[in-house]
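J.: Structure in structure tokens, see below.
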Amino acid sequence: MTPHTIAVHPIGVVLGLLVVVAITATIYWMLHPPQTRADVEAKQAETVLKKMVGSIIVVFSEDIHSEHMMVLAARLARRGVADLLAVYVIEVPLILAEGAEMPDEDRAGFDMLATAEVIAQHHDVQLRTEVLHARSVSSGVLDLAKRENANLIVLGSYREGKYSGAPLGRAIEEIATRAKCDVLIGVPGAYGTLLKEEPGDEVPIKKGSAASVRPPR
């Protein structure tokens, strides 16, 4: 018997290839749909966050109480695997030598940092602590941020006694104005619950109702 032969026309081959390509492209599109604008912006926000939390400094002082912000910083550090440093800054009066001993102030600083350490432990975050003596809180924090190459400075706000209507203290304003990195400021509120500890944590944390970020200049 004579075997049957199938004649293949070049145009048919081209059409067949086009069909295969169209089907493949359709399947790929179904499995990999194009990103929406929201998807793109969300991805960009995640990238910015990773850069922001590379190195975080949480500031404490006699007038700056950042316990409630320590909770947020610990959560950011855990999520971004960031280096976290809590510092208590002691202002050295001009009448004293810059390296003068101030045991009472040091003791208060160590007590505050002990609370910060417990908060970090509750969030499974490694924390470094430091008691820093400086002529002013703002200069001490800014110098430390430069030394640590910080990506983010976190601090709780306070109200100065002489200016009860002012939402921020002078030291915080100076840090926010002069810092070369992002600054996150937590404003305490009587009814805020955003920055409270999660259920089950036993560390008493001062409530905070709002937070603001000032981008680096």
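Only the coordinates and a few stated rules stand behind these numbers; no lab work does. Computed from a predicted structure; not experimentally measured. Glycine also receives a Cβ, built like all others from the backbone with ideal geometry; neighbour counts cover every protein chain displayed.
J.: Full extension from VAL19 to PHE110: what is 0.36 nm times the residue separation minus their Cα-Cα distance, to one decimal in nm?
T.: Full extension from VAL19 to PHE110 adds 25.5 nm.
J.: Using a 7 Å offset from the Cα along the Cα-to-Cβ direction at both HIS122 and ARG75, what is the distance between the two label points in nm, to one decimal?
T.: Each label point lies 7 Å from its Cα, and together they span 1.2 nm.
J.: Right, another one. What FRET efficiency, computed as 1/(1 + (r/R0)^6) with R0 = 35 Å and r the Cβ-Cβ distance, is obtained for ARG135 and GLN35, rounded to the nearest 0.05? Intermediate values should be presented prior to the final figure.
T.: Details: r = 51 Å, r/R0 = 1.46.
Approximately 0.10, to the nearest 0.05.
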